1. Could you tell me which residue of the range A:26-76 is nearest to residue A:259 (Cα to Cα), considering only residues that are of a type in the set (Phe, Trp, Tyr) and surrounded by 14 or more Cβ atoms within 10 Å (Cβ to Cβ)?
2. Any residue that is modelled with pLDDT of 95 or more and either outside the structural domain of residue B:157 (by TED's automatic domain parsing) or charged (D, E, K, R) (or both) - is there at least one of those in the range B:91-103?
3. All but one of (1) surrounded by 23 or more Cβ atoms within 10 Å (Cβ to Cβ); (2) under 21 Å from residue B:151 (Cα atoms); (3) within 14 Å of chain A (Cβ to nearest Cβ) hold for residue B:92, so report the exception by its number.
4. Working only within the range B:113-153, note down all residues that are part of a helix (DSSP H, G or I), aliphatic (A, V, I, L, M) and closer than 19 Å to residue B:179 by Cβ.
5. For residue A:128, state whether it is surrounded by fewer than 19 Cβ atoms within 10 Å (Cβ to Cβ), within 22 Å of the chain's Cα centre (by Cα) and over 20 Å from residue A:204 (Cβ atoms).
6. Against the definition (surrounded by 15 or more Cβ atoms within 10 Å (Cβ to Cβ) and part of a strand (DSSP E or B)), how does residue B:281 come out, yes or no?
7. Out of the residues in the range B:104-122 that are crowded, with 21+ Cβ neighbours inside 10 Å and either under 20 Å from residue B:62 (Cα atoms) or more than 31 Å from the chain's Cα centre (by Cα) (or both), state the one that is nearest to the other protein chains (Cβ to nearest Cβ).
8. Mind checking which strands (runs of 3 or more DSSP E) fall wholly inside the range B:308-363 and carry at least 2 residues that are closer than 30 Å to residue B:255 by Cβ and more than 31 Å from the chain's Cα centre (by Cα)?
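The values are calculated or read from the model by the stated rules, or taken from the named source; none is laboratory data. What you see is a predicted model; the values in this text were computed from it and never measured. Cβ placement follows ideal geometry from the backbone for every residue including glycine, while neighbour counts extend to all protein chains displayed.
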Amino acid sequence: MNQQPFLRIFTAPATLCAIGFLAAMVAVLQYSLRAYVPGSLDPGGFTLANFADLLKPLYARVFLDTVVVCAMTAVVTLIVGYPLAYALVRVEQPVLRSILLVIVVTPLFLGEVVRTYAWIIVLGNNGFINSLLMSLGIIGKPLQLMFTPFGVVVALVHVTLPVMVIMLAAGLSHIDRDYSRAAESLGAGPIRVFLTVTLPLSLPGVVAGTTTAFAWTFSAFATPQLIGGGRVNMISNLVYQLGFSSFNFPFAATLCVAGLALTALVLGLLQLASRPLQKIEVH
Amino acid sequence: MKPSANVEGEQTAVHFDAVTKRFDDVVALNAVTLGVGRSEFVTLLGPSGCGKTTLLKLAAGFLGPDGGSISIEGKRMNDIPTYQRGIGMMFQNYALFPHMSVAENVAYGLKTRRVPRVERDKRVADALALVKLKGMENRKPRQLSGGQQQRVALARALVINPTVLLLDEPFSALDKSLRTSMQVELREIQRKLGLTTIFVTHDQGEALSMSDRVAVMSEGRIRQLGRPVDVYRSPADPFVASFVGDNNRLRGQLVSMQAKQAIVALGDALVKVSGESLSGLEKSAAVDLFVRPEQFSVVAPEEPCAIKGSVVAQIYQGGHVDLQIECAGERLLVRSPGEQAVLRWPMGAPVGIGIQADRCSAFPAA
């Protein structure tokens, strides 16, 4: 400890937080193994029945929906975010770069609820999109955008975009410009340079961004709650219903544990699938 | 200083005509004119920030000029993008594509040119044989040593038969012994293929040993363009004299001046120098005399000599000994061939220094 005299002091706050989190996790895990006593806030004895209940079609369905919504969100965010991140890294005018950065980062400071309310205004039956399309005479009656998986994904993409762009931009900015210069000197035009050099070298960033986006949306609550309105249910919404409407804390805890395990599984698979990419040295 | 145009018009492979480049308010290149002959090896030499890399990037098309024009094989290149210029380039860090094998790296430029598969494979094999990398086809760049990576980079640039080869300090990452052997090898390949080459370096030794001609640059201008021996023996100005090779600067006095020859007094000695660089100076004006370390000779202090001093440092270099000799508060670097100087002129010994009187250069005192 002589070489790093402040190490203990500096890591103390983080350690305290970690202990707190760990205690909470243990409590959740413990609850997930308890029986539900209707009418009581206290759990009953130890049982594995909660985990068996997960296989009921009603709950399995929510898990499946959650994975599908998360996967769609991650893919769409990647498609929207990649050009933004590319522009952010490659644009040379400082003013334009600042504008891009503000556009990308500002949503982070608005909070999920505020952003989701904005989307209600845009997606509602009398919202921006429907009024515009109707006044242009393109549609006769409002499109159903609210309370649909489409609406939830659109809003979630907006919520997730800053994280994706920042991770992609970090990956792209680490690619030495000499690689694309070398490709140009060998006769490759801009499109070929992008497809054969820039894109493959940015794949580690793509994997990092996509996994983060996936995990980020997996725990989404406010967006599916407000835009899904009970018709698009994700795990968090189910946990909320069970915990705070039915007061079935044990089963809510079971859902949490299962959700966590599923996230870890999906992320693990993505990591495994992208292992060959880790060997690319971009520098 | 006007660069001499000793290249015939129709033999010029790359021509920079009054090329100017600015970065915001900084002038990186100031109306630089330079012609590189076909099959010629020209080195751009200068300290960092002199504009040599900028000039290379303009030739490659990574930057566009603010004034003047660049032509390759007689075609104006100003508005031609890099990928249509037909150049080969080697980068300081090699820039080998890390996600491709050695063979894929070398084949890249052939694929962009839509060379058919059979011919492509043959040319890749030939190029790898040329740089002695047979059997490495399937390795990834990270599995190669620095020297091997450099060979791949060279093969990748050569395989497309470029009209001009551009080299951006390619040896700076190699250790000294490897660097020397790679220099020799690159020069052999370049001669064999008759490849027009522009080479950028800040290492004056490298520039002198490899080039047909050297362009010494400073502050966005070419200060001197000439064969290595000319640049070394007859530097055009004090900057070139002190940047290329080791040199001693001594203050002397102009004694007499004829059309082609001037005599400069240095202590009791008289030194003959070229009169060109001193034209217009009055008799007895102060001049700066540049003397190479090997143009000095060390003698016993009682013998006739130009300057007297004492040995303050010995630097044994194997084949020769560098002596630092303090004379009237200034240190002079004196190179003595062989090893005898180590014992003959020990530390602190009083010595006299003689000057080989006809191979120095002189400029008006700064």
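1. Step one: list which residues in the range A:26-76 are of a type in the set (Phe, Trp, Tyr), which gives A:31, A:36, A:46, A:51, A:59, A:63.
With surrounded by 14 or more Cβ atoms within 10 Å (Cβ to Cβ) added as a condition, the list becomes A:31, A:36, A:51, A:59, A:63.
Details: A:31: 15, A:36: 19, A:51: 12, A:59: 11, A:63: 8 Å.
The residue in question is A:63.
2. Scanning the range B:91-103, I find no residue that is modelled with pLDDT of 95 or more and either outside the structural domain of residue B:157 (by TED's automatic domain parsing) or charged (D, E, K, R) (or both), so the answer is no.
3. The failed condition is (1).
4. If the condition is that a residue be part of a helix (DSSP H, G or I), aliphatic (A, V, I, L, M) and closer than 19 Å to residue B:179 by Cβ, then B:152, B:153 are the ones that fit.
5. No, not satisfied.
6. no
7. Initial filter on the range B:104-122 (crowded, with 21+ Cβ neighbours inside 10 Å): B:105-110.
From the residues that got through so far, the ones that are either under 20 Å from residue B:62 (Cα atoms) or more than 31 Å from the chain's Cα centre (by Cα) (or both) too are B:107-110.
Working: B:107: 10, B:108: 5, B:109: 3, B:110: 9 Å.
For the range B:104-122, the residue satisfying everything is B:109.
8. B:350-355
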